[in-house]
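Novice: Can you read through this structure? Questions will come right after.
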Amino acid sequence: MRQADIVRNTKETQISVGLNIDGRGVYEGTSGAGFLDHMLELFARHGHFDLKLQCAGDAHVDYHHSAEDVGIVMGRAFAQALGDMRGIIRYGSALLPMDEALVMVALDISGRFHLAFDVAFPTEKIGAFDTELVREFLSGFARALGLTLHVRLISGQNSHHISEAVFKGLARALSSAAAIDPERALEIPSTKGTLT
């Protein structure tokens, strides 16, 4: 089973994450930010990941530290659960529609961090959640996992729909990339012999 449990405590956040990559798509717990919880529930469901999360953060300031640090801890959990990356497909992509919004997500579980985020939100907030924190979450997640991640908005006018398309697209692309290739289950998909 590809599972991990990670705990990270700082002066700004106290976070625990339990992950099963080969799960049923169940999200339990709270990030402390209602909208982020909504996005993480979508991420778990559409990636078929089981995700347990508890975050106590300095929400009295804003949700910045919580969003970024949840991304970091989730990225570490994926990295630990994937181990030496043996047998994975490695690459994944999704073209994800959500009503009027259309988002492209392409990624490589490469062991190298790069985030290309070409998404302009029409509004600065979705409820109490700053839309710029979507990028902060993705940056923390991709850096901790060692992920090359490209996210591009093709069309969209509704910030909520755009964010949903981003998280669902990430889930679908990551699920494909993390899947085991049955014909190459013992191989590390790199000419270097390592992805870590």
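Novice: Take the stretch 1-12 and flag every residue that is among the polar types (S, T, N, Q) and assigned to a strand (DSSP E or B).
Specialist: Matches in the stretch 1-12: Gln3, Asn9.
Okay, residues lined up against (1) in contact with a Lys or Arg (Cβ under 9 Å, 6 or more places away or on another chain); (2) among the small types (Gly, Ala, Ser); (3) closer than 18 Å to Leu170 by Cα; (4) assigned to a helix (DSSP H, G or I):
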{"site": "Gln14", "(1), (2), (3), (4)": "yes, no, no, no"}
{"site": "Gly18", "(1), (2), (3), (4)": "yes, yes, no, no"}
{"site": "Gly23", "(1), (2), (3), (4)": "no, yes, yes, no"}
{"site": "Glu28", "(1), (2), (3), (4)": "yes, no, no, no"}
{"site": "Leu36", "(1), (2), (3), (4)": "no, no, yes, yes"}
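Novice: Now a separate question. For the stretch 55-143, please list each of the strands (runs of 3 or more DSSP E) lying entirely inside it that holds at least 1 residues being buried (at least 21 other Cβ atoms within 10 Å of the Cβ).
Specialist: Passing ranges, in order: 91-98, 101-108.
Novice: Would you confirm, using the coordinates I've provided, whether Ile162 is more than 29 Å from Asp58 (Cα to Cα), within 16 Å of the chain's Cα centre (by Cα) and touching a residue at least 12 places away in the same chain (Cβ under 8 Å)?
Specialist: So Ile162 does not fit the description; no.
Novice: Picking from Arg172, Arg184, which residue would you name as being modelled with pLDDT under 95 and surrounded by 13 or more Cβ atoms within 10 Å (Cβ to Cβ)?
Specialist: It is Arg184.
Novice: Further question on the same structure: For the stretch 32-83, which positions are in contact (Cβ under 8 Å) with a residue 40 or more places away in the chain, touching a Ser or Thr at 6+ places or on another chain (Cβ under 6 Å) and acidic (Asp, Glu)?
Specialist: Correct list: Asp69 only.
Novice: Cβ-Cβ under 6 Å, sequence separation 6+ or interchain: first residue in the stretch 125-139 and closer than 13 Å to Ile162 by Cα, partner assigned to a strand (DSSP E or B) and of a type outside the set (Asp, Glu). Which pairs?
Specialist: Note: pairs meeting the criteria are Arg135/Phe117.
Novice: Oh, and also: How many of the residues in the stretch 61-115 are within 14 Å of the chain's Cα centre (by Cα), among the charged types (D, E, K, R) and closer than 17 Å to Thr30 by Cα?
Specialist: Total satisfying the criteria: 2.
Novice: Restricting to the stretch 13-38, name every residue that is over 17 Å from Phe129 (Cβ atoms), in contact with a His (Cβ under 9 Å, 6 or more places away or on another chain) and surrounded by 14 or more Cβ atoms within 10 Å (Cβ to Cβ).
Specialist: Hits for the stretch 13-38 are Ile21, Asp22, Gly23, Gly25.
Novice: Looking at the stretch 40-64 only, could you name the residues that are at pLDDT below 95 and either touching an Asp or Glu at 6+ places or on another chain (Cβ under 9 Å) or charged (D, E, K, R) (or both)?
Specialist: The answer is Gly57, Asp58, Val61, Asp62, Tyr63, His64.
The values are calculated or read from the model by the stated rules, or taken from the named source; none is laboratory data. The shown structure was predicted, so the numbers you read here are calculated from the model rather than taken from an experiment. Glycine also receives a Cβ, built like all others from the backbone with ideal geometry; neighbour counts cover every protein chain displayed.
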